[in-house]
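Asker: Pasting a structure here, questions to come.
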Amino acid sequence: MQIVQFYSHLNGFEFIKYHKPHIWDEFEAVLAGVDAERCRTKASAEARKEGRTLYSPVDMNKEFCRLFAQHDWSERRVTNWLAEDTDLLRTTMTLEPEAHKAAIEAKGLEPIMTYNQTDFVKDRVAVEIQFGKYAFVAHDLFVKHMSFFIAGDIDVGIEVVPMKSMEREMSSGVPYYERDLFNLMRQGRGIPAVPIILVGVGP
């Protein structure tokens, strides 16, 4: 697999190339190690693609997990506790998880556990491989990458999606670079407020 296009939001690419060139080199090495054609294993049951064998997101994700692990990239997960009290959340959301939970309980409310997770993190750079549903890209950009950046855990987020030419060989509903580039650019230069590299890949 290879990078076909990329877009640098808030100088995400420039930051990595200047401060962490080894991270970009590893990222490209992982992409190059994924043989997309070997992952063309999904028999389509869709009317418009019936009888075709498509790229399997499951198989490609397994390859990414294997290769990123070889380079010592790991998952990052942060637990959060939720409640319906707006004022309480404003004053407690920056607390450590157990203190946050205790503050909610002290108000007589039921704390609801959730978490924020990103698959691959190394040297303050997070990578999300998004071959799932297109709506998940917005969640990655505006929730995952942004929350880890605001918390001071990462400096840059990398979001990987297929190019339209590759998406045509996948099941319906998968994101593609050209659409997500448009969606990102129309938000304006400062939104989301986190350096991001949107990467479009092809086989």
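The values are calculated or read from the model by the stated rules, or taken from the named source; none is laboratory data. Remember, predicted model here, so these are calculated numbers, not experimental data. Note: ideal-geometry Cβ built from the backbone for every residue, glycine included; neighbour counts use all protein chains shown. Heads up: the accessible areas ignore ligands, DNA and RNA and are worked out on the full protein's heavy atoms, side chains in. Shrake-Rupley method; radii C 1.70, N 1.55, O 1.52, S 1.80 Å.
Asker: Kindly establish whether Asp25 is open to solvent by 70 Å² or more (accessible area, probe 1.4 Å), touching a residue at least 24 places away in the same chain (Cβ under 8 Å) and not hydrophobic (A, V, I, L, M, F, W, C).
Answerer: Spelling it out, it is not the case that Asp25 is open to solvent by 70 Å² or more (accessible area, probe 1.4 Å), touching a residue at least 24 places away in the same chain (Cβ under 8 Å) and not hydrophobic (A, V, I, L, M, F, W, C).
Asker: Give me the helices (runs of 4 or more DSSP H) completely within the stretch 1-94, filtered to those with at least 3 residues that are over 26 Å from Asp180 (Cα atoms) and of a type outside the set (Gly, Ala, Ser), ordered by residue number.
Answerer: In the stretch 1-94, 86-92 are the helices (runs of 4 or more DSSP H) which contain 3 or more residues that are over 26 Å from Asp180 (Cα atoms) and of a type outside the set (Gly, Ala, Ser).
Asker: Which ones in the stretch 176-196 are in a loop (DSSP other than H, G, I, E, B) and under 20 Å from Phe148 (Cβ atoms)?
Answerer: As a first pass, look at the stretch 176-196 and keep what is in a loop (DSSP other than H, G, I, E, B): 176, 186-195.
Matches in the stretch 176-196: Gln187, Gly190, Ile191, Pro192, Ala193, Val194, Pro195.
Asker: Can you tell which of Glu96, Glu128 is closer than 18 Å to Pro192 by Cα and among the charged types (D, E, K, R)? Step through it out loud before you land on a result.
Answerer: On the way: Glu96 fails: closer than 18 Å to Pro192 by Cα.
Step by step, each of Glu96, Glu128 is checked, and only Glu128 is closer than 18 Å to Pro192 by Cα and among the charged types (D, E, K, R).
Asker: Name the one entry in Phe149, Phe131 that is among the hydrophobic types (A, V, I, L, M, F, W, C) and open to solvent by 50 Å² or more (accessible area, probe 1.4 Å). Give the steps one after another, and end with the answer.
Answerer: Numbers: Phe131 fails: open to solvent by 50 Å² or more (accessible area, probe 1.4 Å).
One residue alone meets the criteria, Phe149.
Asker: Which of (1) closer than 30 Å to Ala126 by Cα; (2) out of contact with any helix residue (DSSP H, G or I) (no Cβ under 6 Å at 6 or more places or on another chain) is the odd one out, the single condition Ser56 does not satisfy?
Answerer: Answer for Ser56: the failing condition is (2).
Asker: Mind checking whether some residue in the stretch 17-33 is more than 18 Å from Leu198 (Cβ to Cβ), at pLDDT below 95 and among the hydrophobic types (A, V, I, L, M, F, W, C)?
Answerer: Looking for residues that are more than 18 Å from Leu198 (Cβ to Cβ), at pLDDT below 95 and among the hydrophobic types (A, V, I, L, M, F, W, C), one finds none in the stretch 17-33, hence no.
Asker: Could you please let me know if Arg124 is modelled with pLDDT under 90, within 15 Å of the chain's Cα centre (by Cα), among the basic types (Lys, Arg) and under 18 Å from Ala151 (Cα atoms)? Let's see the steps before the verdict.
Answerer: Details: modelled with pLDDT under 90: no; within 15 Å of the chain's Cα centre (by Cα): yes; among the basic types (Lys, Arg): yes; under 18 Å from Ala151 (Cα atoms): yes.
It is false that Arg124 is modelled with pLDDT under 90, within 15 Å of the chain's Cα centre (by Cα), among the basic types (Lys, Arg) and under 18 Å from Ala151 (Cα atoms).
Asker: I need the full set of residues from the stretch 104-128 which are closer than 22 Å to Phe64 by Cα and open to solvent by 40 Å² or more (accessible area, probe 1.4 Å), in order please.
Answerer: Step one: of the stretch 104-128, the residues closer than 22 Å to Phe64 by Cα are 116-128.
Answer for the stretch 104-128, where residues must be closer than 22 Å to Phe64 by Cα and open to solvent by 40 Å² or more (accessible area, probe 1.4 Å): Asp119, Lys122, Asp123, Arg124.
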